[in-house]
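For reference, the structure discussed in these notes is given below.
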Amino acid sequence: MNDQTNRRKRQHIEVIGRDEGVERNGRFFDAIQLQHRAMPEINLHDVDPSIEIMGKRLSFPLLISSMTGGDDALVGKVNQHLAEAAQITGVAMGVGSQRVMLEDTKAQASFDLRRYAPDALLFANMGAIQLNNGMASDQLQQAIDVLAADAIFLHLNPLQEAVQPEGDTNFANLAQAIGHAQTQLNVPVVLKEVGAGLSVADIELGLRHGIQWFDVAGRGGTSWARIEQQRREDAHTLGFTLQDWGIPTPLAMKNARPYMQQANFIASGGLRNGLDLLKSVIMGGCLGGIAKPFLAPAMESTSAVVDTIEALKKEFVTAMFLLSASNVDDLHLNDSLVLSES
């Protein structure tokens, strides 16, 4: 099983590298126009984009979203570069699914990232569906402990699993299993989609079972349905038909607005620059998650990832300045900064 899982992770990277179509480029954030200030009445050099979240101080509200993990040498190098860059730049990072390390302890090395990022905000990650396949809470805790993680993503990916040749699709009564699991863990559980978005019904179900953190992970970026389609060996085109299925991230955040006094939200899915990140914070995101733009730099070097992060930060801070926002609190849920949503 470990060989199969490692092969799948490697295939994912290969498909992303050769097929530009997996990047759906929804650009849904472009519809949000912001209120430019010709006289911002602040000094650009005084703008403070830092935040405090889950007991950690970040340089700005960026999450390097979950991508990959396993016993493959390339995968291990990618995660090392990402973790080192997160430490250097003071941003958060989430790892890919850790199921593989439970199948083969050799794969733990690619998730042993605290040695590279002693101060970073790190998120462990496991497919929530595994709770319906016999995974126990102590195995989730093991995933947390290997990473010395500050929180754990339990990801929901019914579309990906339905298209994936070896997918698990028994999502029956999963919310109850998630609710039980989160009571057994020593860090917060973040309920996360992987590119199709969380609906209002999903948020309400999570809240009823004690979840206080959500990553809406909506449509607009990488299509996992399209990626899995290219791993199929039959004649069906299910993944191509459903490659644009899901809730666009800005709409998912807008729908989540009534629940933002009860829970915390991360916006990911289709964020591709610092301006998208800023818009996601205005819409109520505590963090904004970005994944695919980091993959090529992470395959190159730590410094390449750092350069990408610093470019995003410059875009984020410049946009703050042009909105007359001195700090991130000036952005969060501030509707007065939105000129229009076309």
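The values are calculated or read from the model by the stated rules, or taken from the named source; none is laboratory data. Only a predicted model underlies this, so the values are computations on that prediction, with no experimental measurement involved. No Cβ is skipped: glycine too gets one built from the backbone with ideal geometry, and neighbour counts run over all protein chains shown. Accessible surface is based on the protein model in full, side chains and every heavy atom, while ligands, DNA and RNA are left aside. Shrake-Rupley method; radii C 1.70, N 1.55, O 1.52, S 1.80 Å.
Here are some notes:
- Helices (runs of 4 or more DSSP H) within segment 66-163 that include 3 or more residues open to solvent by 40 Å² or more (accessible area, probe 1.4 Å): 73-89, 99-103, 137-147
- Some residue of segment 303-313 being in contact with a strand residue (DSSP E or B) (Cβ under 8 Å, 6 or more places away or on another chain) and more than 30 Å from Gly76 (Cβ to Cβ): no
- Residue check, Ala252 of a type in the set (A, V, I, L, M), touching a strand residue (DSSP E or B) at 6+ places or on another chain (Cβ under 7 Å) and over 22 Å from Asp19 (Cα atoms): no
- Residue within segment 252-269 that is under 14 Å from Leu62 (Cα atoms) and open to solvent by 10 Å² or more (accessible area, probe 1.4 Å) present: yes
So that you can scan it fast, the table gives a plain yes or no per residue for (1) at pLDDT 90 or above; (2) of a type in the set (Val, Ile, Thr); (3) open to solvent by 40 Å² or more (accessible area, probe 1.4 Å); (4) in contact with an Asp or Glu (Cβ under 9 Å, 6 or more places away or on another chain):
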| residue | (1), (2), (3), (4) |
| --- | --- |
| Leu207 | yes, no, no, no |
| Ile211 | yes, yes, no, no |
| Gly218 | yes, no, no, yes |
| Arg226 | yes, no, yes, yes |
| Arg232 | no, no, yes, no |
| Phe240 | yes, no, yes, no |
| Gly246 | yes, no, no, yes |
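- Counted residues, segment 230-255 - those being under 11 Å from Gly197 (Cα atoms) and small (Gly, Ala, Ser): 2
- The one condition from (1) farther than 27 Å from Ala296 by Cβ; (2) in contact with an Asp or Glu (Cβ under 8 Å, 6 or more places away or on another chain) that Leu58 does not meet is (1).
- Contacts under 9 angstrom Cβ, first residue in segment 158-187 being free of Cβ contacts under 8 Å to residues at least 60 places away in the same chain, partner basic (Lys, Arg) and part of a helix (DSSP H, G or I), 6 or more apart: Ala175/Arg208; Gly179/Arg208
- Output for segment 300-332, where each listed residue is assigned to a loop (DSSP other than H, G, I, E, B) and touching a helix residue (DSSP H, G or I) at 6+ places or on another chain (Cβ under 7 Å): Ser301, Leu323, Ser326, Leu331, His332
- Figure legend. Inter-residue proximity from segment 104-126: first residues more than 21 Å from Leu154 (Cβ to Cβ), second residues part of a loop (DSSP other than H, G, I, E, B), beta-carbon distance below 6 Å, spacing 6+ or different chains. Indicated pairs: Lys106/Asp71.
- When restricted to residues that are part of a helix (DSSP H, G or I) and open to solvent by 30 Å² or more (accessible area, probe 1.4 Å), segment 333-342 contains 2.
- Of everything in segment 280-294 that is open to solvent by 10 Å² or more (accessible area, probe 1.4 Å) and in a helix (DSSP H, G or I), the residue that is modelled with the highest pLDDT is Pro293.
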